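Visitor: Handing you a structure now.
The values are calculated or read from the model by the stated rules, or taken from the named source; none is laboratory data. Computed from a prediction, not measured in an experiment: that's the story for all the values here. For neighbour counting, all protein chains shown are included, and Cβ atoms are generated from backbone atoms with ideal geometry for every residue, glycine included.
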Amino acid sequence: MNNGFSLLDVGENYHEKSILIYGDSNDIIKVPFISVIFTIENKNILFDTGPNIDGNYPIMKRFSTKQNKGQKLEEQLKLINLNITDIDLVIVSHLHFDHAGGLKLFRKTGIPVLIQKNEINYAYNPDFFYKEVYYREDFDYEDINYETINGDYEINDKLKVIALYGHTPGTQGLLYKYNNNKMIFTSDAVYTIKNIKPELRRQGFDSCTSMWGESAKKVLLKNRIENYEIYPGHDPEFYLNKKFAPYIYKL
Ligand SMILES: [Zn+2]
């Protein structure tokens with residue numbers, strides 16, 4: 001297979017716009033959940049895993065979380081003819097319920113799951129304001145093959161993990177660079193483009209606003225100086241204009 005990536009539609013929340021952009025309206029909006037599957041040099045690399053809708057966590061009621069059968073991670077992968085066991089590497093941006101719910105699919109597979117060490121540590125004992133978004137049922141399994149890292153990490157000559165702390169203590173994103181293709185997948189380090197352009201606007205939920213600001217500026221510089229296209233975590237408008245699996249963006 002040629003090199004490429006597909007965006008996976010793994011569900012959505014319905015909540016106030018002010019959760020994405022602090023101080024914005026309290027209108028309820030549809031907020032997409034995104035996973036990304038890359039195929040690079042015949043290796044399949046998954047970024048984020050969507051929610052575990054069967055967990056029925058209290059937060060899912062508050063945010064009217066939806067994931068229909070076709071939005072389950074396994075079903076989304078099937079759209080591009082992949083099964084869970086075809087995945088060579090999983091990278092999880094952070095362990096909030098809307099990103100970590102599919103990790104249990106990788107139990108007993110031996111497939112490595114890259115995570116920042118400070119993220120997995122924090123997930124066991126989050127601050128009071130984050131207790132309802134971390135669920136041990138999503139991540140606390142001895143038979144998941146976690147590979148913990150600290151900071152940036154090179155996966156291959158085209159794909160790199162970039163530390164973007166602040167949304168949570170260990171949020172990480174991905175940089176892809178080859179020929180004219182330059183993309184940065186920020187996950188929730190940047191909820192929406194409006195959080196960083198034309199000026200920084202605080203997000204409704206971050207563990208540390210000052211660290212978040214530094215990470216947001218890091219993303220912005222990649223965009224301004226090196227022309228990386230920003231793929232934000234939950235931007236309703238941005239993803240309206242993108243194609244999802246089975247479409248494959250060629251790299
Ligand atoms: Zn999220």
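Visitor: Any idea which residue in region 91-122 is nearest to Asn156 (Cα to Cα), counting only those that are in contact with a helix residue (DSSP H, G or I) (Cβ under 7 Å, 6 or more places away or on another chain) and of a type in the set (Gly, Ala, Ser)?
Guide: My answer is Ser93.
Visitor: Is one or more of the residues making up region 74-89 in a helix (DSSP H, G or I) and touching a Pro at 6+ places or on another chain (Cβ under 8 Å)?
Guide: Checked against the condition, which is being in a helix (DSSP H, G or I) and touching a Pro at 6+ places or on another chain (Cβ under 8 Å), region 74-89 yields no hits at all.
Visitor: A further question on this structure: Pairs, please: C-beta under 7 Å, at least 6 apart or cross-chain, first residue among the acidic types (Asp, Glu) and in region 208-234, second outside any helix (DSSP H, G or I)?
Guide: Going by the 7 Å Cβ cut-off, the qualifying pairs are Glu214/Gly166; Glu226/Lys182; Glu229/Lys182; Glu229/Met183.
Visitor: Something else about it: Of all the residues that make up region 138-175, how many are farther than 22 Å from Asp98 by Cβ and touching a residue at least 60 places away in the same chain (Cβ under 8 Å)?
Guide: Final tally of qualifying residues: 4.
Visitor: Now for a different question. Hey, could you check region 172-202 for residues that are surrounded by fewer than 21 Cβ atoms within 10 Å (Cβ to Cβ) and of a type in the set (S, T, N, Q) and say which is nearest to the ligand (Cβ to nearest atom)?
Guide: Asn181
Visitor: Next question. So how many residues does region 14-26 have that are touching a strand residue (DSSP E or B) at 6+ places or on another chain (Cβ under 9 Å), surrounded by fewer than 15 Cβ atoms within 10 Å (Cβ to Cβ) and assigned to a loop (DSSP other than H, G, I, E, B)?
Guide: Within region 14-26, the subset touching a strand residue (DSSP E or B) at 6+ places or on another chain (Cβ under 9 Å) is 14-17, 19-20, 24-26.
Subset that is surrounded by fewer than 15 Cβ atoms within 10 Å (Cβ to Cβ): 14, 25-26.
Now narrow it down to the ones that are assigned to a loop (DSSP other than H, G, I, E, B): 25-26.
Count: 2.
Visitor: A further question on this structure: Taking region 58-103 as the region of interest, how many residues are within 21 Å of Tyr141 (Cβ to Cβ) and under 19 Å from the mean Cα position of the chain (by Cα)?
Guide: Count: 25.
Visitor: Hey, another quick one. Output yes when any residue across region 44-52 is within 15 Å of the ligand (Cβ to nearest atom) and aliphatic (A, V, I, L, M), and no when none is.
Guide: Looking through region 44-52, none of the residues is within 15 Å of the ligand (Cβ to nearest atom) and aliphatic (A, V, I, L, M).
Visitor: Let me ask another. Which one of these is surrounded by 21 or more Cβ atoms within 10 Å (Cβ to Cβ) and in contact with a His (Cβ under 9 Å, 6 or more places away or on another chain): Gly11, Gly50?
Guide: None of the other options fit; the residue is Gly50.
Visitor: Could I ask something else about it? Would you say Glu137 is more than 26 Å from Asp54 (Cβ to Cβ), modelled with pLDDT of 95 or more and either more than 15 Å from the ligand (Cβ to nearest atom) or assigned to a strand (DSSP E or B) (or both)? So that I can check it myself, show each step before the final result.
Guide: Working: more than 26 Å from Asp54 (Cβ to Cβ): no; modelled with pLDDT of 95 or more: yes; either more than 15 Å from the ligand (Cβ to nearest atom) or assigned to a strand (DSSP E or B) (or both): yes.
In short, no.
Visitor: Then there's this: So which residues in region 223-250 are among the hydrophobic types (A, V, I, L, M, F, W, C), more than 16 Å from the ligand (Cβ to nearest atom) and buried (at least 19 other Cβ atoms within 10 Å of the Cβ), if there are any at all?
Guide: Hit for region 223-250 is Ala245, nothing else.
Visitor: Identify, please: which residue in region 85-117 is in contact with a strand residue (DSSP E or B) (Cβ under 6 Å, 6 or more places away or on another chain) and within 14 Å of the ligand (Cβ to nearest atom) and is, among those, nearest to Gly173 (Cα to Cα)?
Guide: Here the residue is Ser93.
Visitor: Report, by residue number, each residue of region 23-50 that is in contact (Cβ under 8 Å) with a residue 40 or more places away in the chain, touching a Phe, Trp or Tyr at 6+ places or on another chain (Cβ under 9 Å) and farther than 30 Å from Lys177 by Cβ.
Guide: Residues satisfying the conditions are Ile29, Lys30.
Visitor: What is the residue count in region 27-55 for residues that are over 27 Å from Ser207 (Cα atoms) and in a strand (DSSP E or B)? Give the steps one after another, and end with the answer.
Guide: Going residue by residue through region 27-55, those that are over 27 Å from Ser207 (Cα atoms) are 37-45.
Filter again for in a strand (DSSP E or B), leaving 37-40, 43-45.
Adding up the residues that qualify gives 7.
Residue-wise test of (1) among the aromatic types (Phe, Trp, Tyr); (2) more than 25 Å from Ile29 (Cα to Cα).
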residue: Ile45; (1), (2): no, yes
residue: Tyr57; (1), (2): yes, no
residue: Asn83; (1), (2): no, yes
residue: Tyr141; (1), (2): yes, yes
